[in-house]
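Notes to accompany the following structure.
The values are calculated or read from the model by the stated rules, or taken from the named source; none is laboratory data. Here the structure is a predicted model, which is why all the values come from computation and not from measurement. So basically every Cβ, Gly included, is an ideal-geometry build from the backbone, and we count neighbours across all protein chains shown.
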Amino acid sequence: MADLKVGDPKVIEVLKGLKDLHRNPLMHPDDSIESEDEALSLYAAIRAAIGYMLDRIAGPTEPAVT
């Protein structure tokens, strides 16, 4: 996305943060979630990222009233 210069910069930064802070446990078994607090923090970060993305999606347009 960055190379193509598409997407919202704020969303891209949030996704980079998720990638950097919460690695895939199958690919990086040493970087696993160790506690309930860490799992809740990851959930909150993912929820925030989804919220940013949903804010950027254009909603349905209202049909013209005739």
Given the criteria surrounded by 10 or more Cβ atoms within 10 Å (Cβ to Cβ) and at pLDDT 80 or above, does ARG56 qualify? yes
Search the stretch 24-38 for residues that are small (Gly, Ala, Ser) and pair each with any residue that is part of a loop (DSSP other than H, G, I, E, B) and at pLDDT below 75 when their beta-carbon atoms are under 7 Å apart and the residues are at least 6 apart or on different chains. SER32/PRO25
